Amino acid sequence: MPTSESVSLTALLTVHFPSRSELRLAQDEEWCVVEQDGERRRIRFHDYAEIFTVPGFYEYLFYERLECQSHTVVTDLLAEQVTAAGQDLACMSVLDLGAGNGMVGEELRRRGFGEVVGVDIVPAAGEATQRDRPDVYADYFVCDLLAPPVEVRAELEIADFAAMTSVAALGFGDVPPAVFGAAFDCVRPGGWIAFTIKEDFLETTDESGFSAHILRLLDEGLLEERARRRYQHRLDVRGEPLHYVAMVGVKR
């Protein structure tokens, strides 16, 4: 499990994970304590606005300490399927839904995808991207896709995206099914849809709405599944694996 002892991130920042007596937490309830300049504050892992304000904290917490690998799993899977279909990655424009601080966009560009446009509802995410990865996205919109500003709506309508990604953003109320649907509508017919989602949200007992939404897309032929991979998204605070599903399909 991740150590419960404090771990120095920088000379000015220390992170404390919960003690063993506090470990019975649901995924969206996990937290840590950050100590900076003599002050301590408790931050939930889903309080992205708080996390993004500290340079490098998101990467340290999720990717270094908790071994998150979703950004590489889904971009690899998408690149594999696009290449197998004989299409040129460099000619593809991608909409990155729930773009956060740009890590997925960075991986897409690294694999050779063309223009990438990010969208996120959290202003701190856009600020973190501009601070840490200013050259990754051709555009980055901070808005609610269900009610975007007129100028953003116009940009998205003419973009004619060849693909869409959404990584570790679906469920838990961060990106609801309706927002996923709005992004799906921005992709041209024949375009690629790639996303990750916690496997629990695909079960028949799911109450988030995603299980029914994705099953409807598949059953009605709106999404043609090309690849699905179960994998370890990251560790939880107990050091136990959290499993997600990465899915890649073609919009019909």
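The values are calculated or read from the model by the stated rules, or taken from the named source; none is laboratory data. Predicted model only: the values in this text are computed from it and were never measured. Neighbour counts are summed over all protein chains in view; Cβ atoms, including those assigned to glycine, are modelled from backbone coordinates with ideal geometry.
Looking at residue 151 and the list (1) free of Cβ contacts under 8 Å to residues at least 24 places away in the same chain; (2) of a type outside the set (Val, Ile, Thr); (3) in contact with a Lys or Arg (Cβ under 7 Å, 6 or more places away or on another chain), which single condition is not satisfied?
Condition not satisfied by residue 151: (3).
Mind checking whether some residue in segment 141-155 is under 22 Å from residue 89 (Cβ atoms) and either outside any helix (DSSP H, G or I) or not β-branched (Val, Ile, Thr) (or both)?
no
Kindly indicate which of 13, 78 is within 27 Å of residue 198 (Cα to Cα) and either at pLDDT below 90 or in the same structural domain as residue 197 (by TED's automatic domain parsing) (or both).
Exactly one residue qualifies, and that residue is 78.
Pick out the one residue from 168, 183 that is touching a helix residue (DSSP H, G or I) at 6+ places or on another chain (Cβ under 8 Å) and in the same structural domain as residue 74 (by TED's automatic domain parsing).
168
For segment 63-90, give me the residue count where each residue is within 12 Å of the chain's Cα centre (by Cα) and either β-branched (Val, Ile, Thr) or under 15 Å from residue 249 (Cα atoms) (or both).
Restricting attention to segment 63-90, the residues satisfying the condition of being within 12 Å of the chain's Cα centre (by Cα) are 68-75.
The next check asks that each one be either β-branched (Val, Ile, Thr) or under 15 Å from residue 249 (Cα atoms) (or both); those that pass are 72-75.
Qualifying residue count, segment 63-90: 4.
Which one is modelled with the highest pLDDT among residues in segment 193-237 that are assigned to a loop (DSSP other than H, G, I, E, B) and among the acidic types (Asp, Glu)?
220
Taking strands (runs of 3 or more DSSP E) that do not extend beyond segment 20-135, which have at least 3 residues that are within 25 Å of residue 240 (Cβ to Cβ)?
Strands (runs of 3 or more DSSP E) meeting the threshold: 31-36, 39-44.
Any residue in segment 227-252 that's under 10 Å from residue 198 (Cα atoms) and without any contact (Cβ under 8 Å) to a residue 40 or more places away in the chain: show its pairings with residues that are among the β-branched types (Val, Ile, Thr) and in a strand (DSSP E or B) at Cβ separation under 6 Å, as long as the two are six or more apart or on different chains.
Matching pairs, first to second residue: 230/245.
Cβ-Cβ distance below 9 Å, separation of 6 or more or different chains: which pairs start in segment 188-215 with a residue that is more than 21 Å from residue 74 (Cα to Cα) and end on one that is in a loop (DSSP other than H, G, I, E, B)?
Hits for this filter: 208/172; 208/173; 208/176; 209/176; 212/206.
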